[in-house]
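Trainee: Input: one structure, supplied below.
The values are calculated or read from the model by the stated rules, or taken from the named source; none is laboratory data. Being a predicted model, the structure only gives us computed values, none of them experimental. A quick note on method: Cβ atoms are made from the backbone with ideal geometry, for glycine too, and the neighbour counts reach across all protein chains shown. The area values use the complete protein model at the heavy-atom level, side chains included, leaving out ligands, DNA and RNA. Shrake-Rupley method; radii C 1.70, N 1.55, O 1.52, S 1.80 Å.
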Amino acid sequence: MNDSSSRSVQISAFESAGALSGFVVSGRWPENTLEWVKFLVIAVRVASVPGLLPVTTVFRVREELPDEPQPGTVGLVLAEGPLIGEHALIPGQFGEPQPSGLLVLHPPSETKPSLPEYDGVASGCVYLPGLPHLGLDHRAGWAEADHTGAVTSMRGRAGIDPMDDADTAVLAMLLAA
């Protein structure tokens, strides 16, 4: 059976100069909101490693291969930049061509845990833009995890209004052309 759903989604994080730079996706792309939320959980666990993600950072889904890809590589999710500061991203930066998804990862220093008994929790959001005028809803997922791998929060939703949540509103603004 060569059905794409029989292949797993594999994710490898990579860093540059001690900072999280992105993820290599192999096997296949996540096919639905739940699979993207599972991807996000892994990304948030990586972001919770002390010092690996210095500031809140936006990552872009890129359906292109890296130089000299390993067999089975399907694409990249690359760090594009911070939300604030000297090199902050600007509204509409990802308007054309629009990526199939954006993620924002918040390091532990910029995350207030939803459960007070946890320390060192990172958080994140994946935003999958739709085409509502064609009946394709916007989808999103949110997750929190600590450096031990404990997932303190995880949820996904379809049919969202991006303006109902701060993370999705910012990501939608970055996509608005």
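Trainee: Just the accessible area for Phe14, please: 1.4 Å probe, Å², rounded to the nearest 10?
Mentor: 70 Å²
Trainee: Among 42-53, 90-101, how do they line up from the highest to the lowest mean number of other beta-carbon atoms within 10 Å?
Mentor: Numbers: 42-53: 20.8, 90-101: 14.3.
Ranking, from highest mean packing down: 42-53, 90-101.
Trainee: Let me ask something else about it. Need one word for region 78-177: rounded, prolate or oblate. Basis is the Cα gyration tensor (sqrt eigenvalues a ≥ b ≥ c); a/c below 1.5 gives rounded, then a/b vs b/c decides. Walk me through the intermediate numbers first.
Mentor: On the way: a/c = 2.53, a/b = 1.45, b/c = 1.75.
In terms of gyration-tensor shape, oblate.
Trainee: Of the accessible area of the chain, with the probe set at 1.4 angstrom, what percent is carbon plus sulfur? Kindly include the intermediate steps, with their values, before the conclusion.
Mentor: Details: 4910 of 9230 Å².
About 53 percent, which is the carbon plus sulfur part of the accessible surface.
Trainee: Rounded to the nearest whole Å², what accessible area per residue is found for region 3-96 with the 1.4 Å probe?
Mentor: So region 3-96 comes to 52 Å² accessible per residue, rounded to a whole number.
Trainee: Sorted by mean Cβ packing within 10 Å, highest first, what order do the peptides 23-34, 157-168, 117-128 take? If you can, show how the numbers build up before the last one.
Mentor: Values: 23-34: 17.1, 157-168: 15.4, 117-128: 21.7.
Ranked by mean Cβ neighbours within 10 Å, highest first: 117-128, 23-34, 157-168.
Trainee: Something else: Would you tell me the accessible area of His87, worked out with a 1.4 angstrom probe on the heavy atoms of the protein chains, in Å² to the nearest 10?
Mentor: About 130 Å², ignoring ligands and nucleic acids.
Trainee: Which of the following values of Rg/Rh (Cα atoms, Kirkwood Rh) was calculated from the structure shown: [x] 1.02; [y] 1.10; [z] 0.95?
Mentor: For Rg/Rh (Cα atoms, Kirkwood Rh), the calculated option is [z].
Trainee: In addition: Applying the Karplus parametrisation 6.51 cos²θ - 1.76 cosθ + 1.60 with θ = phi - 60° to the phi angles of region 78-89, what ³J(HN,Hα) value in whole Hz is obtained for each residue in order, glycine and proline being reported as x?
Mentor: Computed from phi, the couplings for region 78-89 are 10, 5, 9, x, x, 7, 9, x, 4, 10, 5, 5 Hz.
Trainee: Okay, moving on. With +1 on the Cβ of every Lys and Arg and -1 on the Cβ of every Asp and Glu, and nothing else charged, how large is the dipole of the chain about its Cα centre, in debye rounded to the nearest 20? Show your work: numbers first, answer last.
Mentor: Working: 10 positive and 21 negative charges, 58 e Å.
Charge dipole of the chain: 280 debye, to the nearest 20.
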